[in-house]
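> Handing you this structure, nothing more for now.
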Amino acid sequence: MRALATIDRSALAHNLERVHELAPGREVYAAIKADGYGHGAATVARALHDADGFAVSSLDEAMQLRWSGITQPIMTLSQPLDAAACALAAEHDIRPVIFDRTHLAVLADYVGPELSVWIKLDSGMHRLGFAADEAAEIESQLQTLRHVSRVGWLTHLGCADDPASAMTKRQLAAFEAGTTGVDGQRSIANSAGVLAWPAAHADVVRPGIMLYGSSPMTDATAADYDLRPAMHLTAPIISRRRVAAGEPIGYGATWCAPEDMEVGVVGIGYGDGYPRHAPSGTPVLVRGERAALVGRVSMDMITVDLRAVPEAVVGERVTLWGPGLAADEVAEAAGTIAYELFCRLTGRVSVEIV
């Protein structure tokens, strides 16, 4: 077996419990879009059976959960709305987020089983949603619709990863002002909101990345919040060789051995989703010891410096991220974020659920 992603259900459950501890008394809609951030949406949903609901991107993602036997309420965060989408959502207790005036026109024509919806307000991120000061107008329109009920109001924070963000303070104020006097639940907090902005907890929190054991914060690690990695990505050493001082390794000859040294070739590459632009020096774990990527990432292989672990042998597995090596650290070295590392893994990676 080459690349293997081991998904730890107990870590997912632990991280959900941390959400409950940090935002006590709030409902939790766990974000499991993009196939559970690459961890397997159904696997994650079952592990998070104590969540009050789930948040996904689209009806397709929601229906995959329903077909997998998931029964909790599901909200779709960015689903375009038409008559067929309304009917399917109502049939399966899927709750679309309404964020555009074209949706209001569709809802005005909808006739069928009661459809529950969330309304998204733009509090300052300027991506999706109605202007916050339009909430009362939107509520008036929805009250005239016989087949549509409103669950509540939500917004999304653009800079909550910065605990000192002035923008977050402005967003919270805009959302509070816009929703004053309208009925329904409020939902604001993403993972960063859960961790750093108690004023954003409102009625319903929507954590994502923290459930998978990574930190969204600019100033704190996952370990600082007692979050556990839910994915352990490993791959085997498929060859080892001795390289003479001054000899290059890999495409482009971008790295040369500083001395005679042992190098391990590991069976994972960008064809498996490992980041192609990870530079030399990106950490891996060999026998629990830190070693470094050297040379360019290939489609099927990477090469690692074995000087710190000269006893490593062909066949043993190397940790690319997981326990002992945070995905956030690997992502920083590669100039990306852990979200992308998780989501970009390809079908070549085998999956084991523990």
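The values are calculated or read from the model by the stated rules, or taken from the named source; none is laboratory data. Treat the numbers as computed from the prediction; the structure is a model and nothing was measured. Methodologically, a virtual Cβ is constructed for each residue, glycine included, from the backbone with ideal geometry; neighbour enumeration extends over all protein chains shown.
> From ARG307, ARG296, which residue is buried (at least 18 other Cβ atoms within 10 Å of the Cβ), of a type in the set (D, E, K, R) and over 21 Å from the mean Cα position of the chain (by Cα)?
Sole residue among the options that is buried (at least 18 other Cβ atoms within 10 Å of the Cβ), of a type in the set (D, E, K, R) and over 21 Å from the mean Cα position of the chain (by Cα): ARG296.
> With the condition kept exactly as written, say whether any residue in segment 133-144 is outside any helix (DSSP H, G or I), assigned by TED's automatic domain parsing to the domain that holds HIS201 and either at pLDDT 95 or above or of a type outside the set (Gly, Ala, Ser) (or both).
Within segment 133-144, one or more residues are outside any helix (DSSP H, G or I), assigned by TED's automatic domain parsing to the domain that holds HIS201 and either at pLDDT 95 or above or of a type outside the set (Gly, Ala, Ser) (or both).
Yes/no matrix, rows are residues, columns are (1) hydroxyl-bearing (Ser, Thr, Tyr); (2) within 21 Å of the chain's Cα centre (by Cα):
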residue: ASP50; (1), (2): no, yes
residue: ASP60; (1), (2): no, yes
residue: GLN64; (1), (2): no, yes
residue: SER68; (1), (2): yes, yes
residue: LEU88; (1), (2): no, no
residue: ASP93; (1), (2): no, no
residue: PHE99; (1), (2): no, no
residue: HIS103; (1), (2): no, no
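> Report, by residue number, each residue of segment 119-169 that is charged (D, E, K, R), in contact with a strand residue (DSSP E or B) (Cβ under 7 Å, 6 or more places away or on another chain) and closer than 30 Å to ALA338 by Cα.
Residues satisfying the conditions are LYS120, ASP122.
> Of the conditions (1) within 24 Å of THR71 (Cβ to Cβ); (2) crowded, with 20+ Cβ neighbours inside 10 Å, LYS120 fails just one. Which one is it?
All conditions are met except number (1).
> Now for a different question. Can you list residue pairs whose Cβ atoms sit under 7 Å apart, with the first residue in segment 289-313 being of a type in the set (Lys, Arg) and the second being assigned to a loop (DSSP other than H, G, I, E, B)? Count only pairs 6 or more apart in sequence or on different chains.
ARG290/ALA308; ARG296/GLY250; ARG296/THR254
> In segment 238-271, which residue that is among the hydroxyl-bearing types (Ser, Thr, Tyr) and assigned to a loop (DSSP other than H, G, I, E, B) is surrounded by the fewest Cβ atoms within 10 Å (Cβ to Cβ)?
The extreme case among them is THR254.
> While we're here: Can you find a residue in segment 188-207 that is assigned to a strand (DSSP E or B), assigned by TED's automatic domain parsing to the domain that holds GLY36 and over 24 Å from the mean Cα position of the chain (by Cα)?
no
> Another question, if that's okay. Being touching a Leu at 6+ places or on another chain (Cβ under 7 Å) and assigned by TED's automatic domain parsing to the domain that holds PRO323 narrows it down to one residue among TYR274, TYR270; which is it?
TYR274
> Determine if segment 173-187 includes at least one residue that is over 26 Å from THR336 (Cα atoms), touching an Asp or Glu at 6+ places or on another chain (Cβ under 9 Å), surrounded by 20 or more Cβ atoms within 10 Å (Cβ to Cβ) and not basic (Lys, Arg).
Yes, segment 173-187 has at least one match.
> Right, here's the next one. Just to check your reading of the model, which residue among PRO24, PRO96 is crowded, with 24+ Cβ neighbours inside 10 Å and farther than 28 Å from HIS232 by Cα?
Exactly one residue qualifies, and that residue is PRO96.
> Looking only at strands (runs of 3 or more DSSP E) that fall completely inside segment 272-354, which ones have 3 or more residues that are closer than 19 Å to GLY40 by Cβ?
Filter on segment 272-354 gives 350-353.
> Further question on the same structure: Checking GLU17 against (1) outside any helix (DSSP H, G or I); (2) closer than 15 Å to GLY213 by Cβ, which test does it fail?
(1)
> Within segment 51-110, considering only helices (runs of 4 or more DSSP H) that don't extend past its boundaries, which have at least 2 residues that are over 20 Å from GLY40 (Cβ atoms) and in contact with a helix residue (DSSP H, G or I) (Cβ under 9 Å, 6 or more places away or on another chain)?
83-91, 101-109
> Answer with yes or no whether ALA338 is within 17 Å of the chain's Cα centre (by Cα) and closer than 27 Å to SER215 by Cβ.
Here the answer is yes, as ALA338 does meet what is asked.
> How about segment 231-276: which of its residues are in contact with an Asp or Glu (Cβ under 6 Å, 6 or more places away or on another chain), over 22 Å from VAL313 (Cα atoms) and among the aliphatic types (A, V, I, L, M)?
Scanning segment 231-276 gives no hits.
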